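Trainee: Here it is: the structure, laid out below.
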Amino acid sequence: MTLVLEGVRYRYAGARAPALDGVDLVVNAGRVTGVVGANDAGKSTLCLVASGLAPGVIGGHLEGRVEVAGVETMHARPHELAQRCGILFQNPATQLSGTAATVWEEVAFGPRNLALPLDEVVERVEEALASLAISGLASRDPGRLSGGQVQLVALASILALRPACLVLDEPTSQLDPHGTRLVVEALGRVAQELGAAILVAEHKTAILAGLADEVVVLAAGRVERAGPAAAVLADPRLEDLGVEPPPAVQIRRALAGSGATTTPGALALFDEAEW
């Protein structure tokens with residue numbers, strides 16, 4: 001299953017100018033596409049449109065075609081899209097159900113609403129918690145967790161649904177380096193093992209350097225650069241678009257200017273250190 005945007009223009013209700021202007025994007029099954037750009041470039045709006053929340057839930061005007069796992073968002077109901085596309089925003093607390101007494105029940109909320117057999121619900125919940133190394137939180141009250149823990153629980157709740165597409169808007173914004181590594185590794189497994197199409201808006205380019213297959217650069221709602229992650233993140237024009245290259249790229253340039261060299265493995269450590 002894929003995530004497809006063709007000729008997408010989107011304008012918020014009451015706005016004169018479009019927040020997205022002529023965006024074409026394809027995220028294939030089993031692939032991770034990263035989205036970068038300066039503040040107000042349109043990254044969060046792209047996530048809203050790609051998931052079908054805009055205009056389906058928040059309103060506004062959409063032109064072009066958005067297709068999630070074979071279904072056009074303009075012709076689908078919110079509950080239909082929710083089964084095909086999981087979405088995680090910067091403030092995960094708003095995505096908790098507010099009805100669960102424990103983290104385990106919170107993660108089970110989605111699968112139970114799909115009317116799955118009990119043994120499958122249990123399997124999905126245990127797998128999602130283990131994939132993010134938060135099984136120890138299973139009995140905790142979701143309302144008494146740290147911001148980072150809430151972010152991991154919200155992501156586990158989405159992973160338990162096993163959606164064909166995932167849209168994540170800065171999924172590591174509240175996480176420490178350990179939590180960030182868990183999320184990156186989990187997303188990699190979801191793409192490879194479940195074949196999910198994953199779209200990640202992330203300002204930490206070091207994360208995308210190790211996770212994304214392709215990267216898209218947005219500026220004023222338009223796609224300015226797109227291609228293989230390594231090539232786009234090493235593009236010398238990236239900084240002109242308000243995006244800071246990964247540390248490994250910056251160090252490689254500095255070394256090239258001085259005539260010194262280092263190994264690719266050593267450079268990768270600099271990116272991981274930025275997580």
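The values are calculated or read from the model by the stated rules, or taken from the named source; none is laboratory data. This structure is a prediction, so every number in the text was calculated from the model and none was measured. Neighbour counts are summed over all protein chains in view; Cβ atoms, including those assigned to glycine, are modelled from backbone coordinates with ideal geometry. Note: areas computed on protein heavy atoms with side chains; ligands, DNA, RNA excluded. Shrake-Rupley method; radii C 1.70, N 1.55, O 1.52, S 1.80 Å.
The rows are residues; the columns are (1) of a type in the set (Val, Ile, Thr); (2) farther than 19 Å from residue 231 by Cβ.
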position: 183; (1), (2): yes, yes
position: 188; (1), (2): no, yes
position: 193; (1), (2): no, yes
position: 196; (1), (2): no, yes
position: 199; (1), (2): no, no
position: 205; (1), (2): yes, no
position: 208; (1), (2): no, no
position: 213; (1), (2): no, no
position: 219; (1), (2): no, no
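Trainee: Could you grab the pairs with beta carbons closer than 9 Å, sequence gap of 6+ or different chains, first residue in the range 187-212 and over 15 Å from residue 88 (Cα atoms), second one of a type in the set (Phe, Trp, Tyr) and open to solvent by 10 Å² or more (accessible area, probe 1.4 Å)?
Mentor: 204/275; 206/270; 206/275; 207/275; 210/275
Trainee: May I pose another question? Go through the range 1-39 and give me each residue that's more than 16 Å from the chain's Cα centre (by Cα), under 19 Å from residue 81 (Cβ atoms) and among the small types (Gly, Ala, Ser).
Mentor: Matches in the range 1-39: none.
Trainee: Here's a check for you: in the range 83-92, which residue that is under 18 Å from residue 49 (Cα atoms) and in contact (Cβ under 8 Å) with a residue 40 or more places away in the chain is most open to solvent (accessible area, probe 1.4 Å)? Walk me through how you get there before you give the answer.
Mentor: Applying the first criterion (under 18 Å from residue 49 (Cα atoms)) to the range 83-92 yields 83-91.
If we keep only those that are in contact (Cβ under 8 Å) with a residue 40 or more places away in the chain too, we end up with 83-90.
Numbers: 83: 107, 84: 81, 85: 10, 86: 6, 87: 27, 88: 0, 89: 49, 90: 78 Å².
The residue in question is 83.
Trainee: How many residues does the range 165-216 contain that are outside any helix (DSSP H, G or I), of a type outside the set (Lys, Arg), closer than 21 Å to residue 234 by Cβ and open to solvent by 30 Å² or more (accessible area, probe 1.4 Å)?
Mentor: 3
Trainee: Filter the range 48-77 down to residues that are at pLDDT 95 or above and among the basic types (Lys, Arg), then give me how many there are.
Mentor: Here the count works out to 1.
Trainee: Looking at (1) polar (S, T, N, Q); (2) surrounded by fewer than 19 Cβ atoms within 10 Å (Cβ to Cβ); (3) closer than 13 Å to residue 167 by Cβ, which is the only condition residue 28 fails?
Mentor: (3)
Trainee: Taking the range 93-121 only, how many residues are under 25 Å from the mean Cα position of the chain (by Cα) and either part of a helix (DSSP H, G or I) or surrounded by 21 or more Cβ atoms within 10 Å (Cβ to Cβ) (or both)?
Mentor: 15
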